[in-house]
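Student: The structure under discussion is supplied below as structure tokens; questions concerning it will follow.
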Amino acid sequence: MTTRPKIAIIGGGPGGLMLARLLLLRGLEPTVFERDRHAGDRPQGGSLDLHAETGQQAIARAGLEAEFRAVARPEDQGDRLYDQNGTLLFDRDGAGDNRPEVDRTALRQILLGSLAPMTLRWASKVDAVTPIEAGGFDVVVDGISERFDIVIGADGAWSRVRALLSDARPLYEGVTLVEFGFAAERHPDVDGLVGSGKMFAVGDNRVLIAQRNGHRHIRGYAGLRLPEAEARGWMSLGDDRIRAMLRDRFAGWAPSLVHLIDSGELIAVRPLYALPIDHSWQSRVGLTLLGDAAHLMSPFGGEGVNLALADAVDLADALTSGDGWGAVAAYEAAMMRRARPAAEGAAEGLAGAISAAGVAAVLDQYRQRVEA
């Protein structure tokens, strides 16, 4: 690769933006292609907890610790667990934990504000990435091609870039989440239910979740097992119909819990997908992946954004090491080794939280974490 390669990063999520920031700090000028028209174009998701050895380390390497501390919420690290009758089985405030929460939107804003002008191109949905015989790749947006030496797929679950490296596609995990939003001041009952972080209410193959976000906002989720075709059908239904079906599925649960379904603003229906746990590819000069494009997993492990940020750190090191593409191939191998146990844990977390065993196994996991 040349001394100053022309680099395209496809996708403006946390991983892609972190990589862009780190490369800019090292004198490179990457271009980030983002399909959104602007930062507020669509909801960015709920709260994230950044881990010391991955997410927080990336923030430090990017020189953004002060900005992160200004929006992080260390007070929101608690856990509560209820059974389906509304009985509180576990309550821990999380004080002293080193996994501060931050809204995904706030994290994205920090990263966007750290980039040089013209680094990110809004409203740039990539139609194709095409190899060039002489080397490099054409990135095609709205029929216009631009040549790059290196293309990095940070384009999430349904990555276009991944198709040039791997035949793998995300597989439905059998579980769908219906997402709700609550303003805490308008929903004091939900506010009281959540405690100082997040709550789970677990029953037979069903779960209700609520988590504190910034600005006195709470995100809620109703999770259940559905066939994939049915889950995708739910995505086209109106709010009233979805709520009615959820009330039927959660019949017999405590009214204080079912209230989450009845009172929240319905945001989205989200079938959960994951790449195979052992996903890998043969390294190809000029093309690589990070984050969900490389190792999509369920959110029940809490590792997704942390892995994406760690990927960005390691890939920036590889691209600026002076050791050629071999350094990137080494990054890919190390990333796959790191992602595998996280993906296994996410699959186990999902299977345990939404299972016929109900709440007992989940309570054991909570207690084991405290004792560890």
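The values are calculated or read from the model by the stated rules, or taken from the named source; none is laboratory data. Because the structure is a prediction, the values reported are computed rather than measured. Positions of Cβ are backbone-derived with ideal geometry, glycine not excepted, and every protein chain shown enters the neighbour counts.
Student: Which condition does Q282 not pass, out of (1) in contact (Cβ under 8 Å) with a residue 24 or more places away in the chain; (2) surrounded by fewer than 15 Cβ atoms within 10 Å (Cβ to Cβ); (3) within 17 Å of H51 (Cβ to Cβ), if it passes all the others?
Tutor: So Q282 meets the others, but not (3).
Student: Would you pick out the residues in region 306-325 that are among the charged types (D, E, K, R) and either surrounded by fewer than 24 Cβ atoms within 10 Å (Cβ to Cβ) or assigned to a loop (DSSP other than H, G, I, E, B) (or both)?
Tutor: D314, D317, D323
Student: Can I ask one more? Any idea which of G136, G156, G78 is closer than 30 Å to R249 by Cβ, at pLDDT 95 or above and in contact with a Gly (Cβ under 9 Å, 6 or more places away or on another chain)?
Tutor: On the way: G136 fails: closer than 30 Å to R249 by Cβ; G78 fails: at pLDDT 95 or above.
The unique qualifying residue is G156.
Student: Is it the case that some residue within region 129-147 is of a type in the set (G, A, S), on the phi < 0 side of the Ramachandran plot and crowded, with 19+ Cβ neighbours inside 10 Å?
Tutor: Looking for residues that are of a type in the set (G, A, S), on the phi < 0 side of the Ramachandran plot and crowded, with 19+ Cβ neighbours inside 10 Å, one finds none in region 129-147, hence no.
Student: For L89, are the conditions met, namely being under 30 Å from F300 (Cβ atoms), part of a strand (DSSP E or B) and in contact with a helix residue (DSSP H, G or I) (Cβ under 7 Å, 6 or more places away or on another chain)?
Tutor: Yes; evaluated as a whole, the condition is true for this residue.
Student: Mind listing whichever residues of region 329-372 are touching a Lys or Arg at 6+ places or on another chain (Cβ under 7 Å) and assigned to a helix (DSSP H, G or I)?
Tutor: Listed by number, the list holds a single entry, V370.
Student: For A70, work out the one condition from (1) farther than 30 Å from H259 by Cβ; (2) at pLDDT below 95; (3) of a type in the set (A, V, I, L, M, F, W, C) it doesn't fulfil.
Tutor: The number of the failed condition is (2).
Student: Hey, which of the strands (runs of 3 or more DSSP E) in region 144-252, taking only ones fully inside, have at least 2 residues that are assigned by TED's automatic domain parsing to the domain that holds A333 and within 30 Å of A20 (Cβ to Cβ)?
Tutor: Those strands (runs of 3 or more DSSP E) span 144-148, 150-153.
Student: Given the conditions (1) within 18 Å of the chain's Cα centre (by Cα); (2) modelled with pLDDT under 95, and given that T176 satisfies all but one, which numbered condition is not satisfied?
Tutor: Looking at each condition in turn, T176 falls short on (2).
Student: Do you know which residues across region 37-71 are within 30 Å of V178 (Cα to Cα), in contact with a Ser or Thr (Cβ under 9 Å, 6 or more places away or on another chain) and not small (G, A, S)?
Tutor: P43, Q44
Student: Which ones in region 69-85 are touching a residue at least 24 places away in the same chain (Cβ under 8 Å), more than 29 Å from R247 (Cβ to Cβ) and surrounded by fewer than 20 Cβ atoms within 10 Å (Cβ to Cβ)?
Tutor: V71, R73, P74, E75
Student: Could you tell me whether region 266-274 includes any residue that is outside any strand (DSSP E or B) and either within 27 Å of R340 (Cα to Cα) or in contact (Cβ under 8 Å) with a residue 12 or more places away in the chain (or both)?
Tutor: no
Student: Something else about it: Might you check whether a residue that is assigned by TED's automatic domain parsing to the domain that holds G322 and without any contact (Cβ under 8 Å) to a residue 60 or more places away in the chain occurs anywhere in region 10-23?
Tutor: Within region 10-23 (the criterion being assigned by TED's automatic domain parsing to the domain that holds G322 and without any contact (Cβ under 8 Å) to a residue 60 or more places away in the chain), the answer is no, since none of the residues qualifies.
Student: Tell me, please, whether a residue that is polar (S, T, N, Q), over 25 Å from H295 (Cα atoms) and either over 23 Å from the mean Cα position of the chain (by Cα) or surrounded by fewer than 18 Cβ atoms within 10 Å (Cβ to Cβ) (or both) can be found in region 251-260. Spell out the reasoning first.
Tutor: Taking region 251-260 and keeping what is polar (S, T, N, Q), we get 256.
Going one step further and asking which of them are over 25 Å from H295 (Cα atoms), we end up with 256.
Filter again for either over 23 Å from the mean Cα position of the chain (by Cα) or surrounded by fewer than 18 Cβ atoms within 10 Å (Cβ to Cβ) (or both), leaving 256.
Within region 251-260 (the criterion being polar (S, T, N, Q), over 25 Å from H295 (Cα atoms) and either over 23 Å from the mean Cα position of the chain (by Cα) or surrounded by fewer than 18 Cβ atoms within 10 Å (Cβ to Cβ) (or both)), the answer is yes, since at least one residue qualifies.
Student: A follow-up question, please. Take I261 and tell me if it is in a helix (DSSP H, G or I), touching a helix residue (DSSP H, G or I) at 6+ places or on another chain (Cβ under 6 Å) and either under 30 Å from A339 (Cβ atoms) or not assigned by TED's automatic domain parsing to the domain that holds S298 (or both).
Tutor: For I261, the condition - in a helix (DSSP H, G or I), touching a helix residue (DSSP H, G or I) at 6+ places or on another chain (Cβ under 6 Å) and either under 30 Å from A339 (Cβ atoms) or not assigned by TED's automatic domain parsing to the domain that holds S298 (or both) - is met.
Student: So, one more: Would you confirm, using the coordinates I've provided, whether G302 is at pLDDT 95 or above and at positive phi?
Tutor: On the way: at pLDDT 95 or above: no; at positive phi: yes.
So G302 does not fit the description; no.
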